[in-house]
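Engineer: Mind having a look at this structure? Questions to follow.
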Amino acid sequence: MTAIDSGLVTGMSGAGRTQALKALEDAGFEALDNLPITLIASALATATPGRPMAIGVDIRTRGFAPGAVSAVLAAQREGSAQRMSLLFIDCDDDVLVRRFTETRRAHPFAADRSVADGLAVERRLLADVKDAADAIVDSTLMTPHDLRRFVVGR
């Protein structure tokens with residue numbers, strides 16, 4: 001994302017989406033997290049002029065589906081002079097499993113299965129979204145500070 005862009009921030013659960021949104025907020029973006037997909041266009045239409053918006057969406061977001069994300073991007077890119085970008089934050093599965101284990105949080109798709117199985121389902125679901133991303137960040141070897149520096153630098 002550049003200084004004049006607004007965009008969607010998504011990626012694998014546990015990869016650092018929330019950290020990226022916090023970094024963007026600190027850099028002057030208006031940051032919204034888990035806004036229902038159907039409200040994204042309205043939020044962008046009422047954004048503060050001159051202040052870019054970063055919207056975090058993931059598999060827990062109401063209305064989230066790869067096609068819905070693609071439709072929002074296409075509509076915004078088609079009907080607006082402002083460029084909307086998609087940032088996808090990824091991470092190796094081994095690291096994600098460790099992060100979920102350390103925090104003792106359940107993966108959204110792993111209520112009745114292993115974290116690794118939940119990640120596999122999520123990866124399949126997000127494959128098309130990742131392919132449509134303007135930028136992909138691999139947070140596997142990044143500290144939160146490294147991720148912040150990368151995101152703000154973009």
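The values are calculated or read from the model by the stated rules, or taken from the named source; none is laboratory data. Here the structure is a predicted model, which means the values were calculated and not measured. With ideal geometry, Cβ positions are generated from the backbone for all residues, glycine too; neighbour counts draw on all protein chains shown. What goes into the accessible areas is simple: the full protein's heavy atoms, side chains included, and nothing from ligands, DNA or RNA. Shrake-Rupley method; radii C 1.70, N 1.55, O 1.52, S 1.80 Å.
Engineer: State to the nearest 20 debye the size of the charge dipole of the chain about its Cα centre, where the only charges are +1 on K and R beta carbons and -1 on D and E beta carbons.
Structural biologist: Numbers: 18 positive and 20 negative charges, 54 e Å.
Roughly 260 debye for the chain.
Engineer: Using +1 at the C-beta of Lys and Arg and -1 at the C-beta of Asp and Glu, which of C91, P36, A127 has the Cα lying farthest in the positive direction of the dipole of the chain?
Structural biologist: P36
Engineer: With the contact rule set at Cα under 8 Å and sequence spacing of 6 or more, what percent relative contact order holds for region 51-154? Mind showing how you got there, number by number?
Structural biologist: Working: 75 pairs, mean separation 33.4, N = 104.
Computed over region 51-154, the figure is 32 percent.
Engineer: Kyte-Doolittle mean at least 1.0 and Cα extent at least 18 Å along the axis: which DSSP H helices of the chain qualify? Don't jump to the answer; show the numbers that get you there.
Structural biologist: Working: long enough: 66-79 (20 Å, 0.34); 115-131 (23 Å, 0.12).
Helix filter hits for the chain: none.
Engineer: Okay, moving on. Relative contact order of region 1-63, please, whole-number percent, based on alpha carbon pairs below 8 angstrom and at least 6 residues apart.
Structural biologist: Working: 92 pairs, mean separation 28.6, N = 63.
Averaging sequence separation for qualifying contacts and normalising by length gives 45 percent for region 1-63.
Engineer: Counting only protein heavy atoms and using a 1.4 Å probe, what share of the accessible area of the chain belongs to carbon plus sulfur, as a whole percent? Display every interim value, and only then the final one.
Structural biologist: On the way: 4260 of 8020 Å².
Ligands and nucleic acids excluded, carbon and sulfur reach 53 percent.
Engineer: Return the calculated 222 nm mean residue ellipticity for the chain, to the nearest 500 deg cm²/dmol, obtained by summing -39500 (n - 2.57) across DSSP H runs with n ≥ 4 and dividing by the residue count. Let's see the in-between values first.
Structural biologist: Working: 6 runs with 68 residues, N = 154.
After summing the helix terms and dividing by residue count, I get -13500 deg cm²/dmol.
Engineer: Per residue, how large is the accessible surface of region 41-131? Use a 1.4 angstrom probe and give square angstrom.
Structural biologist: 56
Engineer: Kindly provide the pair-distance distribution of region 1-132 built from C-alpha pairs, with 5 Å bins from 0 and whole-percent values in order of increasing distance.
Structural biologist: Answer for region 1-132: a P(r) of 2, 10, 21, 23, 19, 12, 7, 4, 1, 0 percent.
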